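To start, the structure itself, in structure tokens.
The values are calculated or read from the model by the stated rules, or taken from the named source; none is laboratory data. It should be emphasised that the depicted structure is a prediction, and the values quoted were computed from it without experimental measurement. Cβ atoms come from the backbone with ideal geometry, glycine included; neighbour counts cover every protein chain shown.
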Ligand SMILES: Nc1nc2c(c(=O)[nH]1)N(C=O)[C@@H](CNc1ccc(C(=O)N[C@@H](CCC(=O)O)C(=O)O)cc1)CN2
Ligand SMILES: Nc1ncnc2c1ncn2[C@@H]1O[C@H](COP(=O)(O)OP(=O)(O)OP(=O)(O)O)[C@@H](O)[C@H]1O
């Protein structure tokens, strides 16, 4: 299906804005977001949480992953399978186990012993290019997270994370888009309107 021009323009514009953030902007925003997520009951109560490794200037959740390990919680990371655009999940105990995957993102190696069934996830923290007032998410255009939340990941609490400028009025959602339950920005939790 042809993507709307508006959606493409928004993606380009948001990525451009994100690209000019400094490393310290990313670090400061990321630390605040990690702090906010730690206060979410959904994170506090979760044992297995899906994170992601930062790509370009995405929010860096590594401080939160480290906190999770300290608290005895499990850290789960996705591996993207470009052939069918599916995500598969693995438990990770150290960041030095990761390898560079498709798209140049650090990912877990395929090790069946560490594979996690999507049903076992208590919470998913989701990266995005933008999120809107209704909780819809704009990603890089692969449809990976939409496919996951429409299928095996349906019902898993899902929270977007992003800089405040990434919270926008609309991302021009399409029928396949699955809204987030909330979006965490550096100043707190944004709750989508109905
Ligand atoms: N950190 C992180 N991990 C993630 C995602 C993400 O958005 N962020 N994903 C979310 O789905 C999945 C991977 N999907 C991705 C899809 C496209 C691109 C990307 O960089 N696309 C290039 C064009 C690539 C090409 O055409 O070769 C681009 O945007 O310029 C990255 C990740 C799973 N892991
Ligand atoms: N549940 C689904 N089943 C099949 N195809 C889907 C599904 N969800 C999305 N797609 C397809 O994936 C493509 C990309 O979708 P979209 O533009 O919403 O991606 P995105 O959310 O920006 O990307 P990503 O999740 O990878 O960051 C679209 O062509 C869409 O039709």
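Yes/no matrix, rows are residues, columns are (1) under 19 Å from the mean Cα position of the chain (by Cα); (2) more than 15 Å from residue 125 (Cβ to Cβ):
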| position | (1), (2) |
| --- | --- |
| 5 | no, yes |
| 8 | no, yes |
| 14 | yes, yes |
| 20 | no, yes |
| 40 | yes, no |
| 50 | yes, no |
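Considering only segment 65-77, I want to know if a residue exists there that is surrounded by 13 or more Cβ atoms within 10 Å (Cβ to Cβ), modelled with pLDDT of 95 or more, in contact with a helix residue (DSSP H, G or I) (Cβ under 8 Å, 6 or more places away or on another chain) and part of a loop (DSSP other than H, G, I, E, B). Looking for residues that are surrounded by 13 or more Cβ atoms within 10 Å (Cβ to Cβ), modelled with pLDDT of 95 or more, in contact with a helix residue (DSSP H, G or I) (Cβ under 8 Å, 6 or more places away or on another chain) and part of a loop (DSSP other than H, G, I, E, B), one finds none in segment 65-77, hence no.
Only one of 48, 79, 62, 5 is within 11 Å of ligand 1 (Cβ to nearest atom) and closer than 25 Å to residue 142 by Cβ; which?
Details: 48 fails: within 11 Å of ligand 1 (Cβ to nearest atom); 62 fails: within 11 Å of ligand 1 (Cβ to nearest atom); 5 fails: within 11 Å of ligand 1 (Cβ to nearest atom).
On inspection, the qualifying residue turns out to be 79.
Would you mention how many residues in segment 135-152 are more than 12 Å from ligand 1 (Cβ to nearest atom) and touching a residue at least 60 places away in the same chain (Cβ under 8 Å)?
Qualifying residue count, segment 135-152: 0.
Scan segment 153-163 for residues that are in contact with a helix residue (DSSP H, G or I) (Cβ under 8 Å, 6 or more places away or on another chain) and more than 13 Å from ligand 1 (Cβ to nearest atom) and jot them down. If the condition is that a residue be in contact with a helix residue (DSSP H, G or I) (Cβ under 8 Å, 6 or more places away or on another chain) and more than 13 Å from ligand 1 (Cβ to nearest atom), then 156, 157, 159, 163 are the ones that fit.
In segment 167-194, what residues are more than 14 Å from ligand 2 (Cβ to nearest atom), in a loop (DSSP other than H, G, I, E, B) and modelled with pLDDT of 95 or more? Scanning segment 167-194 gives 169, 181, 186, 187, 191, 192, 193. Residue 2 meets each of the listed conditions (1) out of contact with any helix residue (DSSP H, G or I) (no Cβ under 6 Å at 6 or more places or on another chain); (2) at pLDDT 95 or above; (3) in a loop (DSSP other than H, G, I, E, B) apart from (2). As a summary of the residue check, residue 80 satisfies the conditions (1) under 25 Å from residue 165 (Cα atoms); (2) in contact with a strand residue (DSSP E or B) (Cβ under 8 Å, 6 or more places away or on another chain); (3) in contact (Cβ under 8 Å) with a residue 60 or more places away in the chain; (4) not in a helix (DSSP H, G or I) except for the one numbered (1).
When residue 115 is tested against (1) surrounded by fewer than 17 Cβ atoms within 10 Å (Cβ to Cβ); (2) away from ligand 2 (no atom under 12 Å from the Cβ); (3) under 17 Å from the mean Cα position of the chain (by Cα), only condition (3) is not met. Scan 92, 168, 183 and give me the residue that is in contact (Cβ under 8 Å) with a residue 12 or more places away in the chain and away from ligand 1 (no atom under 16 Å from the Cβ). Just a single option satisfies the conditions, and that option is 168. Every condition in (1) within 16 Å of ligand 2 (Cβ to nearest atom); (2) on the phi > 0 side of the Ramachandran plot; (3) part of a loop (DSSP other than H, G, I, E, B) holds for residue 103 except the one numbered (3).
Restricted to segment 118-138, and to residues there that are crowded, with 18+ Cβ neighbours inside 10 Å and over 12 Å from residue 182 (Cα atoms), the residue that is nearest to ligand 2 (Cβ to nearest atom) is 138.
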